[in-house]
Amino acid sequence: MDSHFGLMNVWSQGDFVTKAVAVILVGMSLASWIVIFIKALDVIKYKRLARHSQDFWHSEDFATALNKLGKDETNPFRGLALEGREAAAHHRNTKAHLHDSLDVSDWITRALRNGIDEFTARLQNGLAVLASVGSTAPFIGLFGTVWGIYHALMSISTVGQATIDKVAGPIGEALIMTALGLAVAIPAVLGYNALVRGNKFVLNKLNSFAHDLHAYFVTGARVQSGSETPIVVPLKKG
């Protein structure tokens, strides 16, 4: 390959602005791939925990059910069960606080909702990076292209003849910046959409689990809504 063309030539012949744009795009690409990899592992983990969360209800008592969720402190289903238990116990055993004006249902709902909100915020960490990269990388690449074309035309004007062989190389190399911007943005957008879908699945399962927990702590039984008439199902023996 001719050393006068290609990415290496763009880098070697580029000025500070061209090199800065290239470095920014490479940095954005690395950041987006790191976020995609880490968050994808989290989604896979939480989906597995969501599938196993149904084992919680096939237990003879709450302590056994809690053990089935494991000891992982990052398990949102285990954390939600503990939040609900502590809220129910706190409301039942204290009488000197303003929250006692709330009934147990409202108090437990508040505790479970706070737990879900905290987990949602943790689950969505990093998605803003992908959204920012996906929306700005094409324009950063386009800026590098415009800057490169400007300098290419200035160089051609000094020669005096704008023949196709003199124009094609510099202009083509400048357009590489646009392609680089798209190469950075497309994986970020696709990764963002995939992670949002995965997060939505996990949050739906968590909200359903919280609904069952609320029914259990308020009534002592889990409410199933698979039929037109809700069915109350107590914790049963495995």
Ranked packing of 204-213, 109-118, most packed first, by mean Cβ within 10 Å: 204-213, 109-118
Peptides ranked, highest mean first, by Cβ atoms within 10 Å: ranges 65-74, 21-30: 21-30, 65-74
Phi to ³J(HN,Hα) by Karplus 6.51 cos²θ - 1.76 cosθ + 1.60 over the range 119-133, Hz, x for Gly, Pro: 5, 4, 4, 5, 5, 8, 4, x, 5, 5, 5, 5, 5, 5, 5
For Ala22, net neighbour charge (Lys/Arg +1, Asp/Glu -1) across residues whose Cβ lies under 15 Å away: -1
Table column - 3J(HN,Hα) (Hz), the range 74-82, Karplus curve with 6.51, -1.76, 1.60, x for Gly and Pro: 8, 5, x, 6, 5, x, 5, 4, 5
Distance from the range 114-134 to the range 43-87 (C-alpha centre basis), Å: 22
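Taken together, the values in this text are just the output of simple stated rules run on the coordinates, not laboratory data. This structure is a prediction, so every number in the text was calculated from the model and none was measured. Every residue, glycine as well, gets a Cβ built from its backbone with ideal geometry; the counts of neighbours run over all protein chains shown.
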